[in-house]
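To start, the structure under review is shown below, and the notes come after it.
The values are calculated or read from the model by the stated rules, or taken from the named source; none is laboratory data. All figures in this text were calculated on a predicted structure; none of them were measured in a lab. Glycine also receives a Cβ, built like all others from the backbone with ideal geometry; neighbour counts cover every protein chain displayed. These accessible areas exclude ligands, DNA and RNA; they are computed on the full protein's heavy atoms, side chains included. Shrake-Rupley method; radii C 1.70, N 1.55, O 1.52, S 1.80 Å.
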Amino acid sequence: MNSLFETTHLFASYDTEHLLLLTGFLFIGFLFFRMLGSWPEPAQRKVLLGIAVLLSITQLLKVPVNMYLGTFDVKHDIPLHLCNFLPFVLIWVYFTKSRKVWGTVFFWIVLGVSQANLTPSVQFSLFHYDAIRYWMVHMGLVLLALYPALIWKWDLERKDILRTVGWLNVAAGLIFGINLLLGSNYMYVMGKPPGTTFFSLLPPWPAYILVLEVILVTWSLIVYALFKWIRAKAKGSPIGMVEEPGV
């Protein structure tokens, strides 16, 4: 395994390291929900807000660290990928208790960030600092997205699907303009991500963008239906400790 800045060992999907990370995430996530869910709601929100802030700082630190190492590249290291700026959005969610914003980014995280854990694009193995950042952010985002649904019983609305598709297109449009200026590929709107990921199954750019739009809508509808089915089955047997209507 790598040391903090050593780049000798490259990451390989579904090797021992990857499987241990996924297994550890499930175990730690279960304990996280059980333990934090027994705390008073204001204390829960402070912890979740603190985690969102920590993940955001972790993302911002990538810029000065890479500058210090002499590897900073404006085309790759600004936190403009979806997974990079979502921690900042979740700061707003937990600071304001906004169910509406949570409902919008919930699909982004469940559909996008989750697959980034299953088909990661991280280059180096642990314990390289960028690998630590990658797994902290991607796994932390999943926990932060699921927590309000499982513990506070926040619900999804049909309008959340329209918001998630609409705002994602707005974000992609803004990032597209930045990509044209920088010659970059943030949010992968100019081409597929590197390595073997879910996107590898899709047709070449730009057709894959249109396919992604269809997949986003279809999978969002499936996630919404599955969410409602599970909520209906679990009605009367609450998973969490606190019930909160959200804002």
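Hey, does region 166-177 have a residue that's more than 19 Å from the chain's Cα centre (by Cα), surrounded by fewer than 16 Cβ atoms within 10 Å (Cβ to Cβ) and over 29 Å from Lys100 (Cα atoms)? Within region 166-177, none of the residues are more than 19 Å from the chain's Cα centre (by Cα), surrounded by fewer than 16 Cβ atoms within 10 Å (Cβ to Cβ) and over 29 Å from Lys100 (Cα atoms).
Would you confirm whether or not region 18-35 contains a residue that is more than 23 Å from Ala116 (Cβ to Cβ) and touching a Leu at 6+ places or on another chain (Cβ under 7 Å)? No, region 18-35 contains no residue that is more than 23 Å from Ala116 (Cβ to Cβ) and touching a Leu at 6+ places or on another chain (Cβ under 7 Å). Comparison of Leu82, Leu54, Leu61 shows that the only residue that is closer than 14 Å to Leu141 by Cα and open to solvent by 40 Å² or more (accessible area, probe 1.4 Å) is Leu54.
Considering the conditions (1) touching a Pro at 6+ places or on another chain (Cβ under 9 Å); (2) in contact (Cβ under 8 Å) with a residue 24 or more places away in the chain, Phe72 is excluded by exactly one of them, (2). Is it the case that region 157-170 has a residue that's under 21 Å from Ile230 (Cα atoms), touching a residue at least 60 places away in the same chain (Cβ under 8 Å) and part of a loop (DSSP other than H, G, I, E, B)? No; the residues of region 157-170 include none that is under 21 Å from Ile230 (Cα atoms), touching a residue at least 60 places away in the same chain (Cβ under 8 Å) and part of a loop (DSSP other than H, G, I, E, B). Within region 92-126, being polar (S, T, N, Q) and within 21 Å of Arg163 (Cβ to Cβ) holds for Thr96, Ser98, Thr104, Ser114, Gln115.
Among residues of region 136-149 being over 10 Å from the mean Cα position of the chain (by Cα) and open to solvent by less than 10 Å² (accessible area, probe 1.4 Å), the one that is farthest from Ala52 (Cα to Cα) is Ala149.
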